[in-house]
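Below: the structure, in structure tokens.
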Amino acid sequence: MPKCDFDIEKMDVRFTVRIKADVNAISPVVSGVTQIIKEMKCGAGKEHEIQLALQEALANAVIHGCGGDRSKEVEFCVACDESRGLLIVVRDPGPGFDPASIPDPTVGMNIFSDHGRGIFLVNQLMDEVRFERGGTEIHMRKY
């Protein structure tokens, strides 16, 4: 399971979710997570940024990490505490990738591409983003 490294004593909310690697499973689970985040007042006023970043991270995990293979699963955890904000960790069972190898979608002919903006968007929407476990795990934080 992905590790949400927050102090359990200070957490307002923490939960882990597993979904089948099916793009149709993404929107319902993201809507549910967004509702919980709103109710718990985690990332108050930043729910749309969090929602889009989670949606993009899950789409990348399903499409690239799982290769669209519905027999595989993507898992993620959400943790929120007063002092460290909101942390979302998404993990897929894929081979991973080198984030530095992803072309910048804002330069050259890349601006005309119909894909390749997910990681760029996540980086723009979240306050901190890092990749672990050879690119199979993304850690996203919003303060």
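The values are calculated or read from the model by the stated rules, or taken from the named source; none is laboratory data. The structure displayed is predicted, hence computed values, not measured ones. Neighbour counts run over all protein chains shown; Cβ positions are idealised from the backbone, glycine included. For the accessible areas, the whole protein counts, side chains as well, though only heavy atoms, and no ligand, DNA or RNA atoms are used. Shrake-Rupley method; radii C 1.70, N 1.55, O 1.52, S 1.80 Å.
Lys-Lys pairs in the chain that are eight or more residues apart or on separate chains and whose Cα atoms lie under 29 Å of each other come to 20.
With both labels modelled 7 Å from their Cα along Cα-to-Cβ, the GLN124 to SER101 distance reads 2.5 nm. This structure gives percent of Cα pairs over 26 Å apart, computed directly, and of [x] 21; [y] 26; [z] 31 that value is listed as [x].
Counting protein heavy atoms only, the chain has 52 percent of its accessible area on carbon and sulfur, 1.4 angstrom probe.
Using the Karplus relation 6.51 cos²θ - 1.76 cosθ + 1.60 with θ = phi - 60°, the per-residue 3J(HN,Hα) values for region 93-99 come to x, x, x, x, 6, 9, x Hz, with x marking Gly and Pro. Here region 21-56 is scanned for amide nitrogen atoms under 17 Å from the site 7 Å beyond the Cα of ARG84 along Cα-to-Cβ, giving 42-43.
Quick one: which of 103-116, 81-94 comes out on top by average Cβ neighbours within 10 Å, and what's the full order, highest first? Working shown, then result.
Numbers: 103-116: 10.0, 81-94: 19.9.
Packing proxy ranking, top to bottom: 81-94, 103-116.
Surface analysis of the chain yields an accessible area of 54 Å² per residue, using protein heavy atoms and a 1.4 Å probe.
Nearest 500 deg cm²/dmol is fine: what mean residue ellipticity at 222 nm does the chain get from its DSSP H runs of n ≥ 4 alone, each adding -39,500 (n - 2.57), divided by its residue count?
Values: 3 runs with 37 residues, N = 143.
Rounded to the nearest 500, it is -8000 deg cm²/dmol.
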